[in-house]
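First the structure, in the form of structure tokens, and then the observations on it.
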Amino acid sequence: MDLQTVWFVAVAVLWTGFLLLEGFDFGVAALIPVLGRRTADRHLMLRTVGPLWDGNEVWLVTAVGATFGAFPIWYGSWLPALYLPFVGVLVGLIVRAVGFEWRHSSHDERWDRTWTRIITGGSLVACLGLGAALGATTLGLPIGADGVRVGGAFSGLHWPALLGAVAVLAFALVHGALFLALKTDGPLRLRARAFALRWSPVAALPLLLWAGLVQLRQGTTLTGFLWVVAALAVVLTWSQAKLDREGRAFAGWALTLVASMATVFGAAYPVVLPSTIDAAFDLTVSSASVSDYTLTLMSWVAAVGLPVVIGYQAWTYWVFRTRLTAGPQQEDAAAGTGSGAGTGS
Amino acid sequence: MDTLDIARWQFGITTVYHFLMVPLTIGLGLLVAVMHTMWVRTDKPEWLRMTRFWGRIFLINFALGVATGLVQEFQFGLAWSEYSKFVGDVFGSLLAMEALLAFFLESTFLGLWIFGWGRIPKKLHLASLWAAVIGSTVSAYFIIAANSWMQHPVGVVTDDATGRPLQVDFWAVLTNNTAIAAYTHTIVASLMVAGTLLVGIGLWHLRKRVLAGRPTTDVDHAVWRRSVRLGGFVTLAAFLLVALTGDYQGKLMYAQQPLKMSSAEALCETEAPASFSIFAFSKLGSNECDDVRSFTIPYVLSFLAHGDFSTAVPGVNELQAQYAETYGATYPDDPSFGAKAGEPIDYTPLLAVTYWGFRLMIIMGAVSAAVSAYALWSTRKGRVPTSRIGVYGTLAAVAAPFVANASGWIFTEMGRQPFVVYPNPDVPVADQVYFFTAQGVSPGITAGEVWTSLIALALVYGALAVVELGLITRFVRRGVTTGDTTPTPGIGGGPSTTDPTPDVEPEHVDDDVLQFAH
């Protein structure tokens, strides 16, 4: 494999890792109006992602940074073509980030409810916008010969972008529900499991459609096989959720995403940004990448850095592994040192 | 305004705003880590309370720093796509490495520190804060190396096929003398921000407690006293280092970007020996150097630039002519220069901005050092100052190092105009890599789009600034709470075991173990 291919894979892994991790905290935040019936439930939901969301979001920063670092022509064509949608994503991410941290700063109920709504709204916008961006960069944007967008501010937001937006949000909702089923106990766990059971087959459809369209355009046998794996993983998710095996259902749904994104990126390769105007304007890994010197350098840094990052991040997930429940405060004071034990009433 | 101007305002506003949080994150992070270390080592209750109180302020600020930092990662591509494509071989990889090697460390371990109180072993908990703080400090190196490469591009050759720089020596990019100078200057300046905050707030609490007749022997008194003493010494030491690194940086700038420094002095004609300008008046805003009059001290500028009292310092007029001869008197008549194509190039940065930016930085730095000296003197041998002017003046001076940091960056970034990547004078002109700001803006986006984003971001940033200031003010007023007396999760939970009379009565029990995450 040449270095450009290695970095295409690396960028694909980072974007997939971002969807896999931030996907559940987007989902949990978006599900608050649906599953968080009582204040205690809403707090419990936010607490499940409290220690994790910031680390998850760094996957996005790293994915964008690696896209810039390895393929600046891709970065410099993709982002301005979807200028306003990306600005929407940024505003969503900003208000959601401060919401997570500032929500606790007052005991005023209105303050709490307002920030909770902002977290939900910001997560929805960011999730939809990033889905749109990923849909567009794998299915096509109206770019001309110089990589510059043709048409007005919203010309990039046609059906591929909308499909990506719906696919990522639908994935995130079920992913969030399965995460809640895995991380909480009590009535919320049951409601989250029921939600995942009911919606997972439907929610997988836009994701499979997106992957299928990229596959039909330029897929290989291998990516076709990956698509089948993704479809089978949906069945696995549903059947395990039906058997109340939350861990396996969560793993099945994660496999659905990983196999779908592997299909999307694998089938799109070597194109990183297809033009809907003329295939001759497509940006490819070779036309968009930096020099071999810089790719080699980044490869060494990533080869050492990425396993370490995955190692310590996995370890923090382990530290905060305990199921959370909504209960009276006194329990927490008594539990004291229990990892992740807490209250949310 | 055209797209270029709006995009520049947007970059300036979002970046300066982001950089209000950054020095506090770096400086206060280091100081909170020191406090936490002292607590683990000595087990004295005041160190724990200081860690909890200052840690809370640190986290409120950190949240907004992270949130506004996201914009930075995207906006090079969004509004400055041609710049991003041009510098991609060097600049992008530094951002990618920053994220991978620093941001993950920072965010993951900070999460562990916030939620780890009373849950993970004491030393591991302390180590996670240090890991997060090291992450912040390392991230600063990468982004400053990227910025310094724009100021002084090293380690690259021009790719004949594309005209873009090709990286050939990463080590040179990483050890760029401009980066080392800017990094050390920025880190010590960050410590001044944090140190002055400790001084201003600590002094205010000390005075309030003494006027309210509270004892000067209890733990909470020690909290504020130690805060003032620690902050005061850190600020003064950092001020010394700021001056030394700044002097080194100034000398480098004279060699690397002479126009920036001569503009900062409003030095029109070449002088030997050159005088340092104290105050400039008349038409500084016209950007015609000869319209400017200033009060000067002879010899000083030669010393600042070259370390002796006689060497000539080139003036703006001579340099402007030199640059016009080397890099062209007008922008090439090429569509990639947008509305600027074929227009004359002004190589002189905005005189008013560079001149006053430079001076404001120095004055505000000196103000924070002065109030720190006052605070140390007025708290000597256990004294507590009750002077209203002294204490409130010090509290107001908390803003000074923020202004100093912002104006320093505005000076250095505006001073490099009209280039976004400044030609490196150590390289023969034919081999130089340089890029005009006018070339950098994204060609496909409309002025309307950039206006929309500028207004949206400015509104959000404005609202968040109000909330952040309100929150910090509230927690500063509240001071140390009962929850801060024990290393338990949440600030409101758990009875006090170390001190029966904390400043603030127990609040109603917090509903959430995430309380400390404020």
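The values are calculated or read from the model by the stated rules, or taken from the named source; none is laboratory data. Keep in mind that this is a model prediction, so the values were computed, not measured. A quick note on method: Cβ atoms are made from the backbone with ideal geometry, for glycine too, and the neighbour counts reach across all protein chains shown. Note: accessible area is taken over every heavy atom of the protein model, side chains too, but ligands, DNA and RNA are not part of it. Shrake-Rupley method; radii C 1.70, N 1.55, O 1.52, S 1.80 Å.
Using helices alone, what [θ] at 222 nm do you get for chain B, with -39,500 (n - 2.57) per DSSP H run of 4 or more residues, divided over all residues and rounded to the nearest 500?
Working: 17 runs with 325 residues, N = 518.
Calculated at 222 nm, the ellipticity per residue is -21500 deg cm²/dmol.
Any chance you could run the full-extension gain for A:L162 through A:T114? It's 0.36 nm times the residue separation minus the Cα-Cα distance, nm to one decimal. Kindly include the intermediate steps, with their values, before the conclusion.
Working: separation 48, 0.36 × 48 = 17.28 nm, distance 2.84 nm.
Answer, rounded to one decimal: 14.4 nm.
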query: Taking H as built 1.01 Å from N, whose amide H comes closer than 5 Å to the amide H of A:V272, not counting residues under 5 places away?
result: A:L283, A:T284, A:V285
Occluded residues from segment B:455-476, i.e. those whose accessible area drops by 20 Å² or more once the chain is not alone (1.4 Å probe): B:L457, B:V460, B:L464, B:V467, B:L471, B:R474
message: Can you list the residues in segment A:103-130 whose accessible area drops by at least 50 Å² when all protein chains are present, compared with the chain alone? Use a 1.4 Å probe, heavy atoms only.
response: A:H104, A:S105, A:H107
field: 3J(HN,Hα) from dihedral phi, segment B:394-401, Karplus parametrisation 6.51/-1.76/1.60, rounded to Hz, x for glycine, proline
entry: 5, 4, 5, 5, 4, 6, 4, x
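Stokes-Einstein diffusion coefficient for segment A:172-251 at 4 °C in a medium of 1.567 mPa s, Rh from the Kirkwood formula over Cα pairs: what value in µm²/s? List each step's numbers first, then the result.
Values: Rh = 13.2 Å.
Once the numbers are plugged in, D ends up at 98 µm²/s.
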task: Quick one: give the max-minus-min coordinate of the C-alpha atoms of chain B along each principal axis, largest first, in Å.
output: 75, 48, 41
- line: Taking every C-alpha to C-alpha distance in segment B:426-467 and binning by 10 Å from 0, the per-bin percentages run 21, 27, 22, 18, 10, 1
Segment B:170-211-segment A:8-64 distance, computed between alpha-carbon centres (Å): 33 Å
query: Taking amide hydrogens as modeled 1.01 Å from N in the peptide plane, which residues meet the under 5 Å criterion relative to B:V420, leaving out close sequence neighbours?
result: B:F435, B:F436, B:T437
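Tell me the carbon and sulfur percent of the accessible area for the protein assembly as shown, rounded to whole percent, probe radius 1.4 Å. Please report the intermediate quantities before stating the final value.
Values: 20780 of 30520 Å².
Accessible surface attributable to carbon and sulfur in the protein assembly as shown totals 68 percent.
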- request: Could you tell me the accessible area of B:F337 in Å² (1.4 Å probe, neighbours in place), rounded to the nearest ten?
  value: 10 Å²
message: Let's test this: bin the Cα-Cα distances of segment A:122-220 at 5 Å from zero up to the farthest pair and state each bin's percent.
response: 3, 13, 18, 18, 16, 13, 8, 6, 4, 2, 1, 0
- prompt: Of B:Q167, B:A102, B:Y83, which is farthest on the positive side of the dipole of segment B:43-179, counting Cα position, with +1 on Lys and Arg Cβ, -1 on Asp and Glu Cβ, and the Cα centre as origin?
  reply: B:A102
message: Taking just the alpha carbons, could you work out the radius of gyration and Dmax for segment A:31-148, both in angstroms?
response: 17.1, 56
field: For segment B:136-186, accessible area per residue (1.4 Å probe, heavy atoms of protein chains only), Å²
entry: 36 Å²
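Counting helices only, and only those DSSP H runs with n ≥ 4, report the 222 nm mean residue ellipticity of chain A as the sum of -39,500 (n - 2.57) divided by its residues, in deg cm²/dmol to the nearest 500. Walk me through the numbers before you get to the answer.
Values: 13 runs with 264 residues, N = 345.
It lands at -26500 deg cm²/dmol.
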- prompt: Out of every Cα-Cα pair in segment B:372-469, what percent are more than 17 Å apart?
  reply: 76 percent
- prompt: Hey, could you pull the Cα Rg and Dmax for segment B:3-151, both in Å?
  reply: 17.5, 58
message: Before we go on, tell me the buried accessible area for the B/A pair, both chains summed, 1.4 Å probe, in Å² to the nearest 100.
response: 6700 Å²
message: Spelling out what I want: for every residue of segment A:103-120, take phi, set θ = phi - 60°, compute 6.51 cos²θ - 1.76 cosθ + 1.60 (Karplus), and round to whole Hz; glycine and proline get x.
response: 4, 7, 7, 8, 8, 5, 5, 5, 4, 4, 5, 4, 5, 4, 5, 5, 4, 4
- prompt: With labels modelled as points extended 7 Å from the Cα through the Cβ direction, what inter-label distance (nm, one decimal) is found for A:S287 paired with A:T39?
  reply: 5.8 nm
message: Going by average Cβ density within 10 Å per residue, which order do the peptides B:433-443, B:241-251 take, highest to lowest?
response: B:433-443, B:241-251
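Given a Förster radius of 30 Å and the C-beta distance between B:E343 and B:A430 as r, what FRET efficiency does 1/(1 + (r/R0)^6) yield to the nearest 0.05? Write out the running numbers ahead of the final one.
Values: r = 25 Å, r/R0 = 0.82.
After rounding to 0.05, the efficiency reads 0.75.
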field: Accessible surface, segment A:108-240, averaged per residue in Å² (probe 1.4 Å)
entry: 40 Å²
task: Under 1.5 on a/c is rounded, so check that first for segment A:199-332, then, if it is not, pick prolate when a/b is larger than b/c and oblate when it is not; a ≥ b ≥ c are the square roots of the alpha carbon gyration tensor eigenvalues.
output: oblate
- line: Long-range share for chain A, i.e. C-alpha pairs more than 27 Å apart as a percent of all pairs, stands at 46 percent
query: Does anything in segment A:248-267 have its amide N under 14 Å from the 7 Å Cα→Cβ label point of A:F225, and if so which residues?
result: A:263
Pairwise Cα inverse-distance average, inverted: Kirkwood Rh of segment B:208-287 (Å): 17.1 Å
query: Counting only protein chains, not ligands or nucleic acids, how are A:E101, A:E22, B:E288 ordered by accessible area (probe 1.4 Å), most first?
result: B:E288, A:E101, A:E22
- line: Subtracting the Cα-Cα distance of B:I362 and B:L244 from 0.36 nm times their residue separation yields 41.2 nm
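Return one whole number: the accessible area per residue of segment A:8-98 in Å², for a 1.4 Å probe.
Numbers: 1390 Å² over 91 residues.
Heavy-atom accessible area per residue stands at 15 Å².
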Separation of alpha-carbon centers, segment B:9-43 and segment B:472-488, rounded to whole Å: 18 Å
field: lysines whose Cα lies under 30 Å from that of B:K381, excluding same-chain neighbours fewer than 8 positions away
entry: B:K44, B:K208
message: If you average 1/r across every pair of different Cα atoms in the protein assembly as shown and take the reciprocal, what Kirkwood value do you get, in Å?
response: 28.4 Å
